[in-house]
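The structure appears right after this line, and notes come after that.
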Number of protein chains: 4
Amino acid sequence: MSIDFSADKPIYQQLIDRITGEIIKGHVKPGDKLPSVREYAVEVGVNANTMQRVYKELETMGITETKRGQGTFVTEDSIRLEQLRDEVKKDLVQSFLTNIESLGFSKKEIIEHIQNGEWGEKG
Amino acid sequence: MSIDFSADKPIYQQLIDRITGEIIKGHVKPGDKLPSVREYAVEVGVNANTMQRVYKELETMGITETKRGQGTFVTEDSIRLEQLRDEVKKDLVQSFLTNIESLGFSKKEIIEHIQNGEWGEKG
Amino acid sequence: MSIDFSADKPIYQQLIDRITGEIIKGHVKPGDKLPSVREYAVEVGVNANTMQRVYKELETMGITETKRGQGTFVTEDSIRLEQLRDEVKKDLVQSFLTNIESLGFSKKEIIEHIQNGEWGEKG
Amino acid sequence: MSIDFSADKPIYQQLIDRITGEIIKGHVKPGDKLPSVREYAVEVGVNANTMQRVYKELETMGITETKRGQGTFVTEDSIRLEQLRDEVKKDLVQSFLTNIESLGFSKKEIIEHIQNGEWGEKG
DNA sequence: GTGGTCTAGACCACT
DNA sequence: GTGGTCTAGACCACA
């Protein structure tokens, strides 16, 4: 939930993932207004420049739209959001499988490990 | 199988993963001698210092042992190698699940995607 | 206090020992920021790569944490620092005793020599 | 007792320490004949060149004497052997104290640790 | 020949 | 500015 400043994953990427996650989960809906850059930066304790970059990338990805003078909003293009969801899922799985392979594990073994694991929702 | 010089993952990490993978797969066995630093560096087309770093890291991980003037050998401590396998698997899955969660996907949905995907054994 | 460029012990190891010592002595405290790699390198007169290696090793040992773009900090995990102190002390004494033994001295004789010696507090 | 091929201390140095130790302990006496280079090399499983170096350094140190055609003998100069004992002891303690200091421990604390330790002869 | 250390200098991503 | 990676090339100790 919180930002890990020592992680290998860049802070801005962690923030992109978090916001993307909120949208995927439906906690944030198409047309919703995001906090201002400064507000959000203060909230999570990062530099405003970092948050600026996050918003910029989100807009580049077509996830948000900026209305001058009004702020940043989640796009109302729900088809785009569906695309986003699929893209993200595909990338996630693809890079995971690449890792599995290069490290010498079989897909079967790993899936079993995930299913038997003691994490999260038991889904 | 080969090194991606433009990937986000550093070359030396790719090499560590590769060698670790070879050991996990059993292609390289306890007590086996690895190629010399310079030899291996030439083989994969990286600088000798980069390969040196890879070997050093492997030794720190307890995977290899160096006999001065003779070369670098995979440890004969097969218990350590079993540990290694488990650690690597656990880390792999753990970080994947963290990603899934922060991006708002359910474990169930992702596993289905992996199983139905067009990768790996069906690839 | 200063670096011996012609010692048998590598420069980077001397630097690790020095920083570790500063922490053990309490001159550097949990959460303190270390000088930047380049800054410190200039200060002691070594190459930046050498210092980079020192910092990397310290991080691997769990003594420091790096916040990207901000610098390197002593871990705030004071339990880890206590562990460190004990580990270092144990290793120090253990390797000394191994030496004593292989060279054929008794522990008693050596301790007497240390206590009567012209070093340290009496120096 | 045995040679550690993966240790940080060079094999030849380990062997010098061992032989020196045997003399200090009195297991090997002034005038005693040492095994031939080849014999000894086979016995401990090292390269003959390595053992050659060991014998050469011992002679340089004035500990042994070579009689052509007869072999290598521990010097009968018992004053030299006493000197040797003292030199070795002094070096040992000196380097230990240097380490203690650079790592931020007090002499007192370390001696207590040695005395309370669960090693060796309890001497 | 083998690993290990160090330098000099370049380039990159992140904040 | 901060840490991180990589190259090229030199030099060293060890077996």
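A short reminder: the numbers here are calculations on the coordinates, not readings from a lab. What you see is a predicted model, and the numbers here were worked out from it, not measured in a lab. Because the Cβ atoms are built from the backbone with ideal geometry, glycine has one as well, and the counts that use them run over all protein chains shown.
Values for this structure:
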quantity	calculated
Copy-to-copy label separations for A:Asp4, where each label sits 7 Å from Cα toward Cβ, in nm and ascending	2.1, 3.4, 4.1
Label point 7 Å beyond Cα along the C-beta direction, distances from B:Lys25 to other copies (nm, shortest first)	3.9, 4.9, 5.2
Theoretical ellipticity at 222 nm over chain B - DSSP helices of four or more residues, -39500 (n - 2.57) apiece, nearest 500	-18500 deg cm²/dmol
For residues of C:65-72, the mean tally of beta carbons on other chains within 10 Å	3
Innermost chain D residue relative to the axis carrying D onto B, by Cβ distance in angstrom	D:Asn49, 4
Highest to lowest packing among D:66-72, C:55-61, scored as the average C-beta count within 10 Å	C:55-61, D:66-72
Label geometry 7 Å along the beta-carbon vector: D:Ala48 inter-copy distances in nm	3.0, 5.2, 7.9
Using alpha-carbon coordinates, inclination of helix A:107-116 to the longest axis of chain A, degrees	70 degrees
Phi-based couplings in Hz for the stretch D:47-59 (Karplus 6.51, -1.76, 1.60; Gly and Pro marked x)	5, 4, 4, 4, 5, 4, 4, 4, 5, 4, 5, 4, 5
Peptide C:85-92 - average C-beta neighbours from other chains (10 Å radius)	3
FRET efficiency, B:Lys33 to D:Arg38 (Cβ-Cβ, R0 25 Å, nearest 0.05)	0.45
Positive dipole terminus of chain A, leading residue within A:Tyr12, A:Ile24, A:Met51 (C-beta point charges)	A:Met51
Too-long pairs where the Cα-Cα distance tops 31 Å, listed order kept, from D:Lys29/D:Lys90; A:Lys33/B:Lys89; A:Lys9/B:Lys56; A:Lys107/B:Lys67	A:Lys33/B:Lys89; A:Lys107/B:Lys67
Local electrostatic count at C:Asn49 - Lys and Arg +1, Asp and Glu -1, tallied over other residues with Cβ under 12 Å	+4
Whole-number D in µm²/s for chain A (Stokes-Einstein; Kirkwood sum over Cα pairs; 20 °C, 1.002 mPa s)	130 µm²/s
Dipole magnitude (debye, nearest 20) for chain D, charges at Cβ of Lys, Arg, Asp, Glu	300 debye
Chain D: relative contact order in percent, alpha carbon pairs under 8 Å with at least 6 residues between	19 percent
